[in-house]
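Colleague: The structure that follows is given in the form of structure tokens.
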Amino acid sequence: MNPTDEVFEQLQNIPWFQDLHPDHVRRFAEISILRHFKPGEVFFHEGDKQDFFYIVLSGRVALDMFVPHHGKVRFYTCEQWDSFGWSSVTPVVRTRTAGAVGVMDGSVIATDTVKLQALCDHDHDIGYLFMRRMTNVIASRLLVTRLQLLDMFAEPVETKTDE
């Protein structure tokens with residue numbers, strides 16, 4: 001089986017690719033590779049130049065960022081069918097806003113972001129479908145971040161006691 005066919009087959013198992021036309025999935029597969037990783041393997045560091053957008057097929061990948069006076073802080077762990085590296089496909093961001101490292105053995109589909117941007121610009125149907133899915137990913141990450149911030153800054157509720 002050639003690499004593109006293997007990626008195509010894997011993409012068809014991912015829920016948000018299942019309602020796409022097979023030609024769109026094939027074109028996405030043509031600009032992607034299957035990559036296996038080990039725990040501790042770094043995908044990218046915060047501030048690195050953009051290169052790939054990733055979808056987790058198996059295993060776990062931790063996302064972290066540098067917080068002054070705290071060092072690296074893990075803010076999300078990607079699992080099966082989660083995506084990461086999506087900031088590299090936005091039109092403004094040119095560097096990574098976080099770091100990503102493997103937590104347990106697994107595999108990802110890695111899509112070349114320059115080719116993905118060109119594909120989305122060339123075929124607006126694919127671009128619309130892809131960006132619609134990315135807005136769901138971004139919205140869910142913002143919700144998780146919001147909940148984490150609320151938890152971090154929450155003040156304990158004092159209970160009143162009858163005296």
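Colleague: For Glu6 and His69, calculate 0.36 nm times their separation in residues minus their Cα-Cα distance, and state this gained length in nm to one decimal.
Modeller: Values: separation 63, 0.36 × 63 = 22.68 nm, distance 4.44 nm.
Once the chain is fully extended between Glu6 and His69, it gains 18.2 nm.
Colleague: Take the Cα of Thr77, step 7 Å along the line toward its Cβ, and report every residue of region 98-134 whose backbone nitrogen sits under 17 Å from that point.
Modeller: The answer is 99-107, whose backbone nitrogens lie closer than 17 Å to the label point.
Colleague: Among Phe44, Phe66, Phe53, which one shows the highest mean-square fluctuation when the chain is modelled as a Gaussian network with alpha-carbon springs under 10 Å?
Modeller: Of Phe44, Phe66, Phe53, the most mobile in the Gaussian network model is Phe66.
Colleague: Ignoring solvent entirely, what values of log10 I(q)/I(0) come out of the Debye formula for region 49-118 at 0.25 Å⁻¹ when each Cα is a single scatterer?
Modeller: With no solvent term, the Cα-only Debye profile gives -1.11.
Colleague: Further question: Quick one: which of 122-128, 103-109, 67-73, 11-17 comes out on top by average Cβ neighbours within 10 Å, and what's the full order, highest first? If you can, show how the numbers build up before the last one.
Modeller: Details: 122-128: 13.3, 103-109: 19.0, 67-73: 8.9, 11-17: 15.7.
The most tightly packed comes first, giving 103-109, 11-17, 122-128, 67-73.
Colleague: For the chain, what mean projected area does the convex hull of the alpha carbons give, in nm²?
Modeller: Working: hull surface 51.8 nm².
Spelled out: convex hull of the Cα atoms, projected over all directions, averaged, 13.0 nm².
Colleague: Number of Lys-Lys pairs in the chain under 28 Å by Cα, sequence gap 8 or more or different chains? Write down the numbers at each step before the final one.
Modeller: Details: Lys38/Lys49; Lys38/Lys72; Lys38/Lys115; Lys49/Lys72; Lys49/Lys115.
Eligible lysine pairs with Cα atoms under 28 Å apart amount to 5.
Colleague: Here's something else I'd like to know. Suppose a student asked you for the relative contact order of the chain, using Cα pairs under 8 Å spaced at least 6 residues apart; what percent would you report? Walk me through the numbers before you get to the answer.
Modeller: Working: 257 pairs, mean separation 41.3, N = 163.
Over the chain, the number comes to 25 percent.
Colleague: Here is a further query. Please list 3J(HN,Hα) in residue order for region 11-20, calculated via the Karplus relation 6.51 cos²θ - 1.76 cosθ + 1.60 where θ = phi - 60°; whole Hz, with x for glycine and proline.
Modeller: Each residue's phi maps through the Karplus curve to give 4, 5, 7, 7, x, 7, 9, 5, 9, 7 Hz.
All of the numbers you see were taken from the coordinates with simple rules; none came from a lab. All values derive from a computational prediction rather than experimental measurement. Cβ atoms come from the backbone with ideal geometry, glycine included; neighbour counts cover every protein chain shown.
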